[in-house]
Amino acid sequence: MDSFAFIIHPIDPKRDVSRKFPLLGRLLNVQQINFLSTYFPPVYISQIDGLRSESTGKEVRGWFVACPLTPARMLELPEKTVYRKIVETGKLAERLGAQVLGLGAFTSVVGDAGVTIAQQLSIPVTTGDSYTVAIAVEAVRAAAQQMEIPLAGATAAVMGATGAVGAAAAELLAAEVGKLWLIGRRAEALLALRDRLRATKPSPLAEADLILTVTSALDTVIEPRHLRPGAVVCDVARPRDVSARVAAERDDVLVIDGGMVQVPGTGTAFNFNFGFPPDKVYACMAETMALALEGRFESFTLGRQITVAQVREIAAIAAKHGFKLSGFRSFERAVTAADLARVAERAHAARRARGQR
Ligand SMILES: NC(=O)c1ccc[n+]([C@@H]2O[C@H](COP(=O)([O-])OP(=O)(O)OC[C@H]3O[C@@H](n4cnc5c(N)ncnc54)[C@H](OP(=O)(O)O)[C@@H]3O)[C@@H](O)[C@H]2O)c1
């Protein structure tokens, strides 16, 4: 049977370590987990069974394997040390028999986004970023429609616009929205992207109707004061970019967890709780799974230059096998029709009070 593996790693150190090692998660504090993660070996997590294509009926087997490093450690440690640990985790996947390997969360952010890691492994590697772009943009479109924000007249913003996911998502959105702001830290990189996409100059987040945020910041970068009433924010970053205070203090904005995908059918057993409801995965996981179902054992996405053609191709492959955009969730809770109606109502009231449209 064809197979894949996917590398996960702790993002919220105590919560995620507890999922595999409840006792260690309880006893160790975050500093201790960060420190010990450097010396911990790669961890076998679980076998994934029952993933079947809706169109061809082909079934594939998969494995979750974990690189013990936390995001903070990946940014602190020398790049070579981080690569070594990810490659060791990839070799565990090779020994299990995986034919393609997906890099989850920060394992695809570090250094050159998978290129060096792929060179040191004998199986193909993908970051999953192409399908993440496709799903993030689809989520923004769907949320805008739900909130009755016509794309052509909307002001959108991409935060982390110089990144692998951000730049390609900005390229797609640029063709669909009225005005696009590119937000990031490096002026030069932003200006180069602006020239390429013919977007407007960088401006404050507070004027955007639609925000796609996908930075690799360790801490949150979007706070309640940054958002206008009625704003829709799709947060693809892990760790999250949007502060939990936004959920607590701003009932007039809609924040959706970006990059969430429904797998085909209902028969997939992950045999590990990675924090999602049944049959839902991150888009980067879905890219790896879709490649295995298609029998495309190749390094589909590596590096930070993702083309629109790549995004469209993986979106078509994933759709063929039955992957689709998941229903909206916000801070790990399902968004209901009543939630949407309440946000729209509050946003309307807030705008009326400020004398805005
Ligand atoms: N949900 C999913 O399925 C999924 C899939 C893939 C990735 N992700 C997540 O998406 C995020 C980005 O991934 P990527 O591969 O696109 O990373 P990337 O290529 O490294 O890009 C990161 C972007 O974030 C910006 N940035 C970094 N730190 C920042 C800070 N403190 N404040 C503001 N901007 C900052 C960078 O700006 P500079 O250019 O200035 O460095 C860059 O634009 C990560 O959190 C990753 O875990 C999620």
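Quick notes
- Entry remark, the stretch 228-242: residues being open to solvent by 10 Å² or more (accessible area, probe 1.4 Å) and either within 14 Å of Arg333 (Cβ to Cβ) or within 16 Å of the ligand (Cβ to nearest atom) (or both) number 4 in total.
- Condition check for Thr132: at pLDDT 95 or above, closer than 18 Å to Thr38 by Cα and not basic (Lys, Arg): no
- Selection from the stretch 260-301 of residues that are surrounded by 24 or more Cβ atoms within 10 Å (Cβ to Cβ), out of contact with any helix residue (DSSP H, G or I) (no Cβ under 7 Å at 6 or more places or on another chain) and hydroxyl-bearing (Ser, Thr, Tyr): Tyr282, Thr288
- Considered as a group, the residues in the stretch 33-75 that are open to solvent by 10 Å² or more (accessible area, probe 1.4 Å) and among the polar types (S, T, N, Q) include one that is nearest to Asp112 (Cα to Cα), and that residue is Thr38.
- Scanning the stretch 140-155 for residues that are open to solvent by less than 20 Å² (accessible area, probe 1.4 Å) and either in a loop (DSSP other than H, G, I, E, B) or within 16 Å of the ligand (Cβ to nearest atom) (or both) yields a count of 3.
- Members of the stretch 157-186 found to be more than 16 Å from the ligand (Cβ to nearest atom) and open to solvent by less than 20 Å² (accessible area, probe 1.4 Å), listed by number: Val177
- Candidates Arg329, Arg296, Arg333, Arg346, filtered to the one that is of a type in the set (D, E, K, R) and closer than 18 Å to Arg52 by Cβ: Arg296
- Unmet requirement for Ala93, which otherwise passes all of (1) open to solvent by less than 30 Å² (accessible area, probe 1.4 Å); (2) in contact with a helix residue (DSSP H, G or I) (Cβ under 9 Å, 6 or more places away or on another chain): (2)
- Condition check for Arg312: surrounded by fewer than 17 Cβ atoms within 10 Å (Cβ to Cβ), under 20 Å from Asp235 (Cα atoms) and within 19 Å of the chain's Cα centre (by Cα): no
- Test for Glu249: is it open to solvent by 30 Å² or more (accessible area, probe 1.4 Å), of a type in the set (D, E, K, R) and over 27 Å from Glu176 (Cα atoms): yes
The values are calculated or read from the model by the stated rules, or taken from the named source; none is laboratory data. Note that this is a predicted model, so its numbers are computed, not measured. Here the Cβ is made from the backbone with ideal geometry for all residues, glycine too, and neighbour counts use every protein chain on show. Heavy atoms of the whole protein, side chains included, go into the accessibility calculation; ligands, DNA and RNA do not. Shrake-Rupley method; radii C 1.70, N 1.55, O 1.52, S 1.80 Å.
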